[in-house]
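Visitor: The structure that follows is given in the form of structure tokens.
The values are calculated or read from the model by the stated rules, or taken from the named source; none is laboratory data. Note that this is a predicted model, so its numbers are computed, not measured. Here the Cβ is made from the backbone with ideal geometry for all residues, glycine too, and neighbour counts use every protein chain on show. For the accessible areas, the whole protein counts, side chains as well, though only heavy atoms, and no ligand, DNA or RNA atoms are used. Shrake-Rupley method; radii C 1.70, N 1.55, O 1.52, S 1.80 Å.
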Amino acid sequence: SKSVLSGINYKSRYWMSASTTASNNYNDFVMVESKSPLGTYTRYDLPLSAMTLWNNNLYGAISNTGKLARIDYGSTDDSVAIASYWESRDEVYENPIYYKTVNVGVLDYSNIPANTGLLVGLSPDQGATYQSRTIDLSASTLSRNTIKLNWDANTALGFRTKVSNNVLGLGFKIYGLYNAGTMLDYFGN
């Protein structure tokens, strides 16, 4: 295997990179431990092969490129935003053997930070494809707000959601993402 595990402790959190590619040619994701006392990890879609501290900043080598990324900052060395995301498990909505259709979602969010390009997606095929909606979190003057997401009707046994961000220097704060739909009266195989 050409995959090399890499890890470092930075700002009281542990960062670890590894490979999930079929041939293990390069590291393609990073797991970051939440601050105490949560003890959970968040996965980032960031291909870092090695990390190091320099001048109290965390840097990582971007796999299969000649570039460096300043981690926990928001951009690569060529001012391209680092994409990060949160992805849910496949939700079966208490009916694992029945097909169902999800056609609406409600996003509960904060407008601080004022991110104008947050993407929220829904997948009916275990994350292989997503239909996404771009959300402008700064569109409301309220510090906390909700927005209705009208999904194209998809039929599946389970659904996965994803919140992703690639706006340079900005993060996001999501309180909840709730999907709704109808159950169909036939079984999956």
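Visitor: Inside the stretch 61-85, can you point out the residues that are modelled with pLDDT of 80 or more and within 19 Å of the chain's Cα centre (by Cα)?
Guide: Matches in the stretch 61-85: Ile62 only.
Visitor: Being out of contact with any Phe, Trp or Tyr (no Cβ under 6 Å at 6 or more places or on another chain) and surrounded by 15 or more Cβ atoms within 10 Å (Cβ to Cβ) is true for just one of Arg133, Arg144. Which residue is that?
Guide: Residue meeting the stated conditions: Arg133.
Visitor: Select from the stretch 14-27 the residues that are over 14 Å from Thr52 (Cα atoms) and either open to solvent by 30 Å² or more (accessible area, probe 1.4 Å) or of a type in the set (Ser, Thr, Tyr) (or both) and write down the one among them that is modelled with the lowest pLDDT. First the steps, then the outcome.
Guide: In the first step, residues of the stretch 14-27 are kept if they are over 14 Å from Thr52 (Cα atoms); the result is 18-27.
Filter again for either open to solvent by 30 Å² or more (accessible area, probe 1.4 Å) or of a type in the set (Ser, Thr, Tyr) (or both), leaving 19-26.
Numbers: Ser19: 83, Thr20: 80, Thr21: 73, Ala22: 71, Ser23: 72, Asn24: 68, Asn25: 74, Tyr26: 80.
If we take residues in the stretch 14-27 being over 14 Å from Thr52 (Cα atoms) and either open to solvent by 30 Å² or more (accessible area, probe 1.4 Å) or of a type in the set (Ser, Thr, Tyr) (or both), then Asn24 is modelled with the lowest pLDDT.
Visitor: Ok, one more. Find the strands (runs of 3 or more DSSP E) located wholly in the stretch 115-157 whose residues include 2 or more that are in contact with a helix residue (DSSP H, G or I) (Cβ under 9 Å, 6 or more places away or on another chain), and list them.
Guide: The strands (runs of 3 or more DSSP E) meeting that bar are 144-156.
Visitor: Among the residues in the stretch 96-112, are any within 19 Å of the chain's Cα centre (by Cα) and either acidic (Asp, Glu) or open to solvent by 60 Å² or more (accessible area, probe 1.4 Å) (or both)?
Guide: yes
Visitor: Right, here's the next one. From Thr161, Thr146, grab the single residue that is farther than 23 Å from Glu94 by Cβ and modelled with pLDDT of 90 or more.
Guide: Selected residue: Thr146, the only one of Thr161, Thr146 that is farther than 23 Å from Glu94 by Cβ and modelled with pLDDT of 90 or more.
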